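Working notes for the structure below.
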Amino acid sequence: MTTAAQQNAMMLASLLGVGEDEAAEQLDRTVLLTAEAGWKSDWALELARVLERTLHVVTEDDGSGCNLEIVIGKVDGRSTGRAIFADLDASGLLVGKESKLLSGSKPHGLYGAAAACAVSAVAIHSAIGAAALPEVRLPMKFNFADLGVPPGALEREIVLRDAFVAGAGAVAHGFLHAARHLVLSGTLTVVDPKTVKEGVLNRCLYLEPEDIGSDKAAALVGRAKTDFAGLALVADPRDLREVLKGRTRPPETVFVTVDSRATRRSIQNEFPHTTIDASTTDVSGVIVHSNSLPTAHACLACIYSHVPEEHSRERAIAAGLGVDLDVVRKGFIDADAAGTINKKYPQIDPDAIVGSAFDSLFRQLCAQQALTTPEGRQILAPFAFVSAWAGILMAVEMLRTFNGECSTNYWRVDPWNLPIARARVMRKKLAGCQFCFNPDTDGLISSFGW
Ligand SMILES: [Zn+2]
């Protein structure tokens with residue numbers, strides 16, 4: 001089993017309460033995609049790009065060896081086994097156990113990408129077929145208008161100036177993969193100080209096995225830039241704080257895709273004019289938040305306020321790797337920490353782990369511990385479609401923010417079902433927020449002229 005497949009198996013094992021080997025067997029499923037000729041076949045490839053990070057996907061097959069067939073549009077199925085039927089047009093997507101056809105024209109690319117996430121969830125649920133998986137309600141009727149994109153925003157150019165993506169992990173991949181369907185210009189700098197580890201291949205949509213060992217930011221930018229004709233994508237192998245050190249003004253826009261709550265809070269302290277954030281909670285939830293300073297509503301530090309579980313997660317990592325809690329809180333493994341870990345795990349080459357995140361190494365070394373404790377489970381990596389959903393929602397939030405639609409600042413979505421428009425809310429400031437209620441905050445914000 002590759003490390004990427006192992007990440008999926010660990011996630012599924014945790015969901016089903018079974019061992020990792022049994023979960024790996026459950027994931028050894030093949031999905032056949034059969035699509036109507038034309039743009040629906042092109043869309044099937046968009047679906048395959050997300051789904052193939054979790055299950056085997058084939059398009060050229062007689063169907064005899066597949067566990068599930070997804071029949072897309074007006075076309076005959078090729079297998080005799082289980083089938084799911086999907087069809088989409090410019091306004092929506094239908095998925096169910098019976099074939100129901102739509103007659104409209106091709107959807108916008110961003111909507112097509114969102115539909116691919118929705119069908120991936122159905123496919124994984126149907127192919128694995130375990131009752132312990134989160135429920136998927138069929139038939140599924142996805143009205144793309146529920147995403148809340150303002151009228152005309154899909155076609156309107158967005159000019160990014162002094163804009164950064166913090167983190168080059170799965171959500172950043174999902175974001176660029178979604179945003180490639182939009183009209184972006186200007187410059188966008190992707191910052192991440194880490195290198196690509198094999199385990200992330202299960203969810204980083206642009207990465208290929210040969211990227212292992214490269215800088216994460218450079219690998220993402222290198223793969224994605226051909227998708228952005230009008231936008232200069234730049235990679236920087238440092239963390240955002242380093243990149244911004246010594247500047248007199250905060251950045252204009254930061255897209256936040258980092259892992260930890262503490263790092264998110266620290267990014268708000270850099271005072272980005274506009275912050276757009278998306279995150280995943282194992283496979284159960286996707287959250288998107290935005291704010292533009294000055295704001296009368298929640299900031300990133302309000303949304304990701306300190307919670308007791310942060311300590312237990314850090315403690316689980318510290319105990320598993322044999323390092324001090326304070327060292328884990330730094331986020332990245334330095335040379336000293338690498339030496340300490342090497343004493344407990346002599347098979348680990350300390351030079352190879354310097355610069356890695358403690359979370360990632362913990363996942364690799366302490367699989368059993370990660371599976372059996374609630375603290376460990378928080379560290380498991382989601383399936384690719386969950387991160388892809390986070391990327392779609394971040395792209396939608398960008399469209400809303402840049403087109404003046406600021407009536408909500410928070411949306412939690414169940415990735416196994418459809419986004420519910422009425423679940424969008426305006427979160428209030430959290431009493432005692434370290435950013436909002438810092439006596440210096442308002443003065444600094446007005447000193448920037450915002
Ligand atoms: Zn706040």
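Every number here is computed from the coordinates shown, using simple stated rules; none is lab data. Just so it is clear, the structure is predicted and the values come from calculations on it, not from any experiment. Cβ coordinates were reconstructed from backbone atoms using ideal geometry, including for glycine residues, and neighbour counts include every protein chain displayed.
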Problem set entry | Simple label model, 7 Å out from Cα along Cβ direction - R161 to I420, nm | 4.1 nm
Problem set entry | Ellipticity estimate at 222 nm from DSSP helix runs (n ≥ 4, -39,500 (n - 2.57)) divided over the chain, nearest 500 | -10500 deg cm²/dmol
Exercise. In Å and whole numbers, how far do the C-alpha atoms of the chain stretch along each principal axis, longest first?
Worked result: 64, 55, 39
Exercise. Using a simple charge model, +1 on the beta-carbon of Lys and Arg, -1 on the beta-carbon of Asp and Glu, nothing else, what dipole does segment 1-114 show about its Cα centre, in debye to the nearest 20?
Worked result: 420 debye
Exercise. In debye to the nearest 20, how big a dipole does the chain give about its Cα centre with +1 on each Lys and Arg Cβ and -1 on each Asp and Glu Cβ?
Worked result: 1180 debye
Seminar exercise, completed: For segment 24-144, averaging the sequence separation of alpha carbon pairs under 8 Å that lie six or more residues apart and dividing by its residue count, the contact order in percent is 26 percent
Problem set entry | Low-density loop cleavage sites - GluC sites (Glu not before Pro) in segment 122-222, where at most 11 other Cβ are within 10 Å (DSSP) | E135, E155, E157
Problem set entry | Listed residue (A114, T59, L32) projecting farthest to the positive dipole end of segment 3-147, Cβ model | A114
Exercise. Picking from L68, I124, G331, whose Cα lies most toward the positive end of the charge dipole for the chain (charges on Cβ: Lys, Arg +1; Asp, Glu -1)?
Worked result: G331
Exercise. Exactly which GluC sites (Glu not before Pro) in segment 45-125 are in a DSSP loop and have at most 13 other Cβ atoms within 10 Å?
Worked result: E60, E98
Seminar exercise, completed: Contour minus Cα-Cα span, W450 to E135, at 0.36 nm per residue, comes to 108.9 nm
For this session: Mind giving me the nanometre distance, one decimal, between the label points for L325 and E22, set 7 Å out from Cα along Cα→Cβ?
Result: 3.5 nm
Exercise. Of G443, G17, M140, whose Cα points farthest to the positive end of the dipole of the chain (charges on the beta-carbon: +1 Lys, Arg; -1 Asp, Glu; origin at the Cα centre)?
Worked result: G443
For this session: Report the charge-dipole magnitude of segment 55-113 in Debye, nearest 20, computed about the Cα centre from +1 at each Lys and Arg Cβ and -1 at each Asp and Glu Cβ.
Result: 200 debye
For this session: At 7 Å along the Cα-to-beta-carbon direction for both E52 and S312, put a label point, then send me their distance in nm to one decimal.
Result: 4.0 nm
Exercise. Residues in segment 407-436 near a label at A262, defined as backbone nitrogen under 17 Å from the 7 Å Cα→Cβ point?
Worked result: 434-435
Exercise. What is the distance in Å between the Cα centres of segment 1-45 and segment 398-423?
Worked result: 28 Å
Problem set entry | Considering only the chain, percent of DSSP beta bridges that pair antiparallel, nearest 5 | 40 percent
Exercise. When only Cα pairs under 8 Å and 6 or more residues apart are kept, what is the percent relative contact order across the chain?
Worked result: 17 percent
Problem set entry | lysines with Cα under 23 Å of K40, excluding same-chain neighbours fewer than 8 positions away | K74, K97, K100, K106, K141
Problem set entry | Computed Kirkwood radius, in angstrom, where 1/r is averaged over Cα pairs of segment 3-147 | 15.5 Å
Exercise. Suppose R0 equals 45 Å; then what is the FRET efficiency for T30 and S105 from their Cβ-Cβ distance, rounded to the nearest 0.05?
Worked result: 0.90
